[in-house]
1. So what is the accessible area of the stretch 164-254 per residue, in Å², with the probe set to 1.4 Å?
2. Label points 7 Å out from Cα along the Cβ direction at Arg137 and Asp172: separation in nm?
3. Using Cα pairs closer than 8 Å and at least 6 residues apart in sequence, work out the relative contact order for the stretch 1-47, in percent.
4. In debye, nearest 20: dipole of the stretch 1-77 around its Cα centre with unit charges on the Cβ of K, R (+) and D, E (-)?
5. Mind scanning Lys124/Lys145; Lys150/Lys192; Lys106/Lys175; Lys150/Lys240; Lys192/Lys228; Lys106/Lys150 and naming the pairs with a C-alpha gap bigger than 20 Å?
6. Under a point spin-label approximation (7 Å from Cα along Cα-to-Cβ), what is the Lys192-Ile71 distance to one decimal in nm?
7. List residues of the stretch 129-167, by number, whose backbone nitrogen lies under 18 Å from a label position 7 Å along Cα→C-beta of Arg201.
8. List every residue whose amide H lies under 5 Å from the amide H of Gly135, counting only residues 5 or more places away in sequence or on a different chain, with H placed 1.01 Å from N in the peptide plane.
Amino acid sequence: MKYDVMLCKIAEKKQLTADVFDLTVEAGELAEAASAGQFAQLYVPGKTLRRPISICEIDRAAGTLRFVFQIRGEGTAWLADACPGGTLDILAPLGNGYSLGNTRQKAVFVGGGIGVPPLLEAAKAFGENAAVLTGFRNEESIILKEDFEKNGNRVLIATDDGSFGYYGLVTDLLKGLDFTVIFACGPVPMLKAVCRTAAARGVPCQISLEERMACGIGACLGCACRLKKDGTEFYGHVCKDGPVFDSETVVWEG
Ligand SMILES: Cc1cc2nc3c(=O)[nH]c(=O)nc-3n(C[C@H](O)[C@H](O)[C@H](O)COP(=O)(O)OP(=O)(O)OC[C@H]3O[C@@H](n4cnc5c(N)ncnc54)[C@H](O)[C@@H]3O)c2cc1C
Ligand code: FES
């Protein structure tokens, strides 16, 4: 894993919903080294621990990285107040992202809520070969629809209250689709349902896990997760071994 720390200038900031923000930073070599599904640790003044945020988009030509995040506490509230022209101290790119394989195969991307941003860069590689299924609480929470469409992806949206698109669970949308590989990120119940569908259809599936993190580089035990390989269970680290895992290697707690 090759990562670096850099002081990056904020090039652009947008507010996408009431509590979701979109920051593009000038990140030179970090953008050059990054791949879809990896994440960054963003420094927040006054906080010992950096905040892990997924890389939403990589523009190697422009040397920029894009982050889309939701305000959850003090750290993300500080990030939401950051302004273009200011700088962010970023440790990146971290972890193992999505293995894309053959981008001409029919891929389906499944994202729930703030689990949607990490899928954007990977879906870009598949263009019109990808269907992107995203689920949100309501119409006001929908993010990145036009960004996926700009990739050429077919976008299907589900909302919990039926205020936009399909009324129900995003995973219901998998039923009518034909696909040969799944990529997913979102809440654990959604990921479990995606893994069940993948197993039932015999389709490979990669999921991105979120775990509370401290160092982000495998040096503490902050993000231990249970994994299995060849029938043997062991503990790994979400930050170093993931955050993206083959669905079959994850042992769900509970
Ligand atoms: C690999 C990874 C990728 C992520 N990508 C995104 C993203 O693209 N967009 C986004 O909105 N959020 C993302 N998160 C969640 C994000 O890290 C938390 O919302 C954020 O750290 C909360 O910080 P806070 O200071 O606002 O909240 P506080 O609750 O004050 O945070 C306190 C501590 O808990 C940690 N923490 C809190 N919630 C989480 C969480 N859900 N996951 C991991 N650590 C947490 C913080 O890093 C910090 O150390 C990601 C998490 C991980 C692990
Ligand atoms: S956060 Fe320290 S080992 Fe993963």
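The values are calculated or read from the model by the stated rules, or taken from the named source; none is laboratory data. Not measured: the values here are computed from a predicted model. Every residue, glycine among them, receives a Cβ derived from its backbone with ideal geometry; neighbour counts consider all protein chains shown. These accessible areas exclude ligands, DNA and RNA; they are computed on the full protein's heavy atoms, side chains included. Shrake-Rupley method; radii C 1.70, N 1.55, O 1.52, S 1.80 Å.
1. Computed with neighbouring chains in place, this is 54 Å² per residue.
2. Here the answer is 2.0 nm between the modelled labels.
3. 31 percent
4. That gives a dipole near 220 debye.
5. Lys150/Lys192; Lys150/Lys240
6. About 3.2 nm, to one decimal.
7. Residues passing the 18 Å test: 129-135, 153-158, 166.
8. Gly111, Gly112, Gly113, Ala158
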